[in-house]
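Everything on this sheet refers to the single structure shown next.
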Amino acid sequence: MENQAMVSLLLGLAILAVVDGNSEVDILYSQRLAWTDPNNVLQSWDPTLVNPCTWFHVTCNNDNSVIRVDLGEAGLAGPLIPQLGMLANLQYLELFGNRISGSIPKELGKLSHLVSLDLQQNLLSGPIPSSLGNIESLRYLRLNGNMLTGEIPIEILNLIRTGNLRVMNVSGNYLVGTIRRSEQTVTTIIQDRRASN
C-alpha cells in the first residue's frame, strides 16, 4: 500500500510540475488564439511543447522562462489578453505596428520586470491603465499612434519623476490634461532626445 501511495504522490507532483511548466505556453497560446495572424508568424507556437523557448519571436532566459516577445509589424489583429500579466519574468513586450485593438489590460501592471512596453501604432482604445505605474523597472513606454483616451495616470508620471521611465511617447492619441515637468525632468528628456539622435 505504501508503494501505491508513493506512486500516487509522485504522479501528482509530476502533474503539478507539467501544469506549472506549461503556464507560459498556455498564456502565449491563448494570446495566439485571440489574434488573427494572416501572415502565419505564430505558426511555431505549438502548445504541446514544455516551454515556448523554441517558438519564433519569443526569447527565454537560462531558466527557460519568457523574457521577450518581439512581434513588431507582424500583421497581427485582435485584443491583448489579461493573462499576459502573468508572464512573471517578461522584460520586453514589443508589439508595435500591428492592428491590436481593445483596451490595454490593467494586469500588465503586474509585469514587475518589464523594461519596455511598445504598443505604438496599433488600434488600442480606452484609458491608459494606472497599474502600469506599478512597474518600477519600466524604462520605455511607447503608446503613440493609438486611440487612447483620458488622462495620463499620475502613477505613470511618477515613474518619470523618480527617473525610472526614460522614454514615454503617448502622442497621436486622444488624451487630455496638462503635464507639469520639473526642471530636472525636462533636462532628462532633452538629454534622452539628444542621445537618440
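The values are calculated or read from the model by the stated rules, or taken from the named source; none is laboratory data. What you see is a predicted model, and the numbers here were worked out from it, not measured in a lab. Cβ atoms come from the backbone with ideal geometry, glycine included; neighbour counts cover every protein chain shown. We work out accessible area using only protein heavy atoms, side chains counted, and drop any ligands, DNA or RNA first. Shrake-Rupley method; radii C 1.70, N 1.55, O 1.52, S 1.80 Å.
Observations, loosely collected:
- What the Cα convex hull of the range 132-180 gives, in volume per residue, is 70 Å³.
- The alpha-carbon positions of the range 55-118 define a convex hull whose volume is 80 Å³ per residue.
- Under a model in which nothing but the beta-carbon of Lys, Arg (+1) and Asp, Glu (-1) is charged, the range 51-173 shows a dipole of about 120 debye around its Cα centre.
- Between Ser112 and Tyr174, residue separation times 0.36 nm minus the direct Cα-Cα distance comes to 19.6 nm.
- C-alpha center-to-center spacing [the range 68-82, the range 42-65] in angstrom: 15 Å
- Carbon plus sulfur fraction of accessible area for the range 22-178, probe 1.4 Å, in percent: 48 percent
- Neighbourhood charge, 14 Å Cβ-Cβ cut-off, centred on Ser44 and excluding it, Lys, Arg +1 and Asp, Glu -1: -2
- Cα-based equivalent ellipsoid, the range 67-188: semi-axes from gyration tensor eigenvalues, Å: 22, 17, 13
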